[in-house]
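Asker: Can you read through this structure? Questions will come right after.
Just so it is clear, none of the values below were taken in a lab; they were calculated from the coordinates. Because the structure is predicted, anything quoted here is derived from the model rather than measured. Quick reminder, even Gly has a Cβ in these numbers, built from the backbone with ideal geometry, and neighbours come from all protein chains shown.
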Amino acid sequence: MEIERKYLVKRLPHDLETYPCRAIEQGYLNTDPVVRIRKSDDRYTLTYKGSGLMVREEYNLPLTEASYLHLREKTDGILIKKRRYLIPYAEKYTIELDLFEGDLAPLQLAEVEFETKEEADVFTPPDWFGEDVTFSSKYHNSMLSRASG
């Protein structure tokens with residue numbers, strides 16, 4: 001189960017370059033239900049996501065590079081490219097800050113995952129976060145891939 005909140009970003013943290021960063025490329029074989037392939041640095045994954053906005057099922061399966069490259073040719077819509085920064089927050093959380101590239105630039109989104117729905121409901125974001133878009137499917141990567149493709 002995935003429980004996460006998603007926010008637009010008002011401004012980037014001043015020390016962004018001090019945090020770990022991954023280069024991510026992902027595409028969608030299907031958007032309802034979501035079936036995604038992803039390359040994150042040198043790791044390859046196939047992901048299934050169920051319906052829902054803040055809370056939904058998620059299953060991840062490892063792929064080989066060859067399998068990823070084969071499936072990449074079958075994606076529908078654009079291939080999303082982004083840089084993901086991993087930023088610790090409040091001793092318990094990791095903010096995943098995505099800076100989109102290509103057709104989706106200059107979009108910037110921040111996501112935070114939680115152990116329970118109750119924890120997500122009472123979360124107080126840092127002041128550099130903008131609008132909470134958790135309940136807008138418009139900002140799901142699967143929808144972004146269709147809107148720009």
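Asker: Determine ³J(HN,Hα), in whole Hz, for all residues of segment 87-101 in sequence, where each value follows from phi through the Karplus function 6.51 cos²θ - 1.76 cosθ + 1.60 and θ = phi - 60°; x replaces Gly and Pro.
Answerer: Listing the rounded values in order: 10, x, 8, 6, 6, 10, 10, 10, 7, 9, 9, 9, 10, 6, 10 Hz.
Asker: Compare the Cα positions of Leu99, Tyr85, Ser145 along the charge dipole of the chain (+1 at Cβ of Lys, Arg; -1 at Cβ of Asp, Glu; about the Cα centre) and return the one farthest towards the positive end.
Answerer: Ser145
Asker: Please find, in a Gaussian network model of the chain (springs between Cα atoms separated by less than 10 Å), the residue of Gly77, Gly52, Gly130 whose mean-square fluctuation is greatest.
Answerer: Greatest mean-square fluctuation among the candidates belongs to Gly52.
Asker: How big, in percent, is the set of alpha carbon pairs in segment 104-149 lying more than 11 Å apart? All intermediate terms of the calculation are to be shown ahead of the outcome.
Answerer: Details: 774 of 1035 pairs.
The proportion of pairs with Cα distances above 11 Å equals 75 percent.
Asker: Using 0.36 nm times the number of residues separating Met1 and Leu16, minus their current alpha carbon distance, what extension gain do you get? Working shown, then result.
Answerer: Values: separation 15, 0.36 × 15 = 5.40 nm, distance 2.91 nm.
Fully extending the segment from Met1 to Leu16 adds 2.5 nm.
Asker: Take the eigenvalues of the Cα gyration tensor for the chain, scale each by 5, and report the square roots as semi-axes in whole Å, largest first. List each step's numbers first, then the result.
Answerer: Details: eigenvalues 118, 62, 46 Å².
Each semi-axis is the square root of five times an eigenvalue, giving 24, 18, 15 Å.
Asker: Starting from segment 47-103, pick out the chymotrypsin sites (Phe, Trp or Tyr not before Pro) whose DSSP state is loop and whose Cβ has at most 14 other Cβ atoms within 10 Å.
Answerer: Values: sites: Tyr48, Tyr59, Tyr68, Tyr85, Tyr89, Tyr93, Phe100; in loops: none.
For chymotrypsin sites (Phe, Trp or Tyr not before Pro) across segment 47-103 that sit outside H, G, I, E and B with at most 14 neighbouring Cβ atoms in 10 Å, the list is empty.
Asker: Let me ask something additional. Considering the chain as a Gaussian network with a 10 Å cut-off on Cα pairs, which listed residue, Arg22, Arg11, Arg83, attains the greatest mean-square fluctuation?
Answerer: Arg11
Asker: Further question on the same structure: Using only helices, what value at 222 nm comes out for the chain when you add -39,500 (n - 2.57) per DSSP H run of length 4 or more and divide by the total residues, to the nearest 500 deg cm²/dmol?
Answerer: Numbers: 3 runs with 20 residues, N = 149.
Result for the chain: -3500 deg cm²/dmol, rounded to the nearest 500.
Asker: Would you look at the GNM of the chain, springs on alpha carbons closer than 10 Å, and say which of Thr124, Thr75, Thr47 moves the most?
Answerer: It is Thr124.
Asker: Tell me, what is the percent relative contact order of the chain, built from C-alpha pairs under 8 Å that lie six or more residues apart?
Answerer: Details: 307 pairs, mean separation 47.5, N = 149.
Across the chain, relative contact order equals 32 percent.
Asker: Please state the charge dipole magnitude for the chain, taken about the Cα centre, from unit charges on C-beta atoms (+1 on K and R, -1 on D and E), reported in debye and rounded to the nearest 20.
Answerer: Numbers: 21 positive and 27 negative charges, 102 e Å.
Taking the Cα centre of the chain as origin, the dipole is about 500 debye.
Asker: With only Lys, Arg, Asp and Glu charged, each at its Cβ (+1 for the first two, -1 for the last two), find how big the charge dipole of segment 93-146 is about the Cα centre; round to the nearest 20 debye. Walk me through the numbers before you get to the answer.
Answerer: Details: 3 positive and 13 negative charges, 63 e Å.
Magnitude of the dipole: close to 300 debye.
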